[in-house]
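Asker: Have a look at this one before I ask anything.
The values are calculated or read from the model by the stated rules, or taken from the named source; none is laboratory data. All values derive from a computational prediction rather than experimental measurement. In this analysis, Cβ positions are derived from the backbone assuming ideal geometry, glycine residues included, and neighbour counts consider all displayed protein chains.
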Amino acid sequence: MLPEMWRLVGNLVDGSIVVSLREIAAAVKLLAERNRLVAEGAGAASVAAALSGKAGIGRIVCVISGGNLSTPAFVKILNGEVP
């Protein structure tokens, strides 16, 4: 997260989780294949965090949003690539 943004939200959140582009691409692919849901990278980041174990254990709620994903990038993700 950009330092400028962190100053704005720092008092509102307890922390943040960093996931890799590969983890996000895997989450986008999983959502599409198992749930028939197309989510953009930012929208699938919470799922990537949960799948990686970085979000903790137990019951986790993931907000999935945004479908602003280009067809070429989506095809790459479905083929196991990171766009």
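Asker: Restricted to region 11-28, and to residues that are more than 11 Å from the chain's Cα centre (by Cα) and of a type in the set (Gly, Ala, Ser), which residue is surrounded by the most Cβ atoms within 10 Å (Cβ to Cβ)?
Answerer: In the first step, residues of region 11-28 are kept if they are more than 11 Å from the chain's Cα centre (by Cα); the result is 11-16.
Next, only the ones that are of a type in the set (Gly, Ala, Ser) stay: 15-16.
Values: GLY15: 5, SER16: 10.
Here the residue is SER16.
Asker: Tell me, which residue of region 29-53 that is basic (Lys, Arg) and without any contact (Cβ under 8 Å) to a residue 40 or more places away in the chain is nearest to LEU69 (Cα to Cα)? Don't jump to the end; show me each part of the working.
Answerer: Taking region 29-53 and keeping what is basic (Lys, Arg), we get 29, 34, 36.
Remaining after also requiring without any contact (Cβ under 8 Å) to a residue 40 or more places away in the chain: 34, 36.
Details: ARG34: 18, ARG36: 14 Å.
For region 29-53, the residue satisfying everything is ARG36.
Asker: Does any residue of region 71-82 turn out to be outside any helix (DSSP H, G or I) and surrounded by 17 or more Cβ atoms within 10 Å (Cβ to Cβ)? Quick ask: steps written out before the conclusion?
Answerer: Residues of region 71-82 that are outside any helix (DSSP H, G or I), as a first pass: 79-82.
With surrounded by 17 or more Cβ atoms within 10 Å (Cβ to Cβ) added as a condition, the list becomes none.
No, because not a single residue in region 71-82 is outside any helix (DSSP H, G or I) and surrounded by 17 or more Cβ atoms within 10 Å (Cβ to Cβ).
Asker: Only one residue in LEU8, LEU37, LEU31, LEU51 is outside any helix (DSSP H, G or I) and either surrounded by 16 or more Cβ atoms within 10 Å (Cβ to Cβ) or not acidic (Asp, Glu) (or both), so which one is that? Quick ask: steps written out before the conclusion?
Answerer: On the way: LEU8 fails: outside any helix (DSSP H, G or I); LEU31 fails: outside any helix (DSSP H, G or I); LEU51 fails: outside any helix (DSSP H, G or I).
Selected residue: LEU37, the only one of LEU8, LEU37, LEU31, LEU51 that is outside any helix (DSSP H, G or I) and either surrounded by 16 or more Cβ atoms within 10 Å (Cβ to Cβ) or not acidic (Asp, Glu) (or both).
Asker: Take region 48-83 and flag every residue that is more than 18 Å from GLY15 (Cβ to Cβ) and aliphatic (A, V, I, L, M).
Answerer: LEU51, ILE64, LEU69, ALA73, VAL75, ILE77, LEU78, VAL82
Asker: Which one is nearest to SER52 (Cα to Cα) among residues in region 11-28 that are part of a loop (DSSP other than H, G, I, E, B) and not β-branched (Val, Ile, Thr)?
Answerer: Step one: list which residues in region 11-28 are part of a loop (DSSP other than H, G, I, E, B), which gives 11-20.
Checking which are not β-branched (Val, Ile, Thr) leaves us with 11-12, 14-16, 20.
On the way: ASN11: 26, LEU12: 24, ASP14: 19, GLY15: 17, SER16: 14, SER20: 10 Å.
If we take residues in region 11-28 being part of a loop (DSSP other than H, G, I, E, B) and not β-branched (Val, Ile, Thr), then SER20 is nearest to SER52 (Cα to Cα).
Asker: With (1) modelled with pLDDT under 90; (2) surrounded by 10 or more Cβ atoms within 10 Å (Cβ to Cβ) as the list, and ILE57 as the residue in question, which single condition is left unmet?
Answerer: The failed condition is (2).
Asker: For the structure I just gave you, tell me whether ILE64 is more than 13 Å from the chain's Cα centre (by Cα), part of a loop (DSSP other than H, G, I, E, B) and among the hydrophobic types (A, V, I, L, M, F, W, C). Give the derivation first.
Answerer: Numbers: more than 13 Å from the chain's Cα centre (by Cα): no; part of a loop (DSSP other than H, G, I, E, B): yes; among the hydrophobic types (A, V, I, L, M, F, W, C): yes.
Answer is no for this residue.
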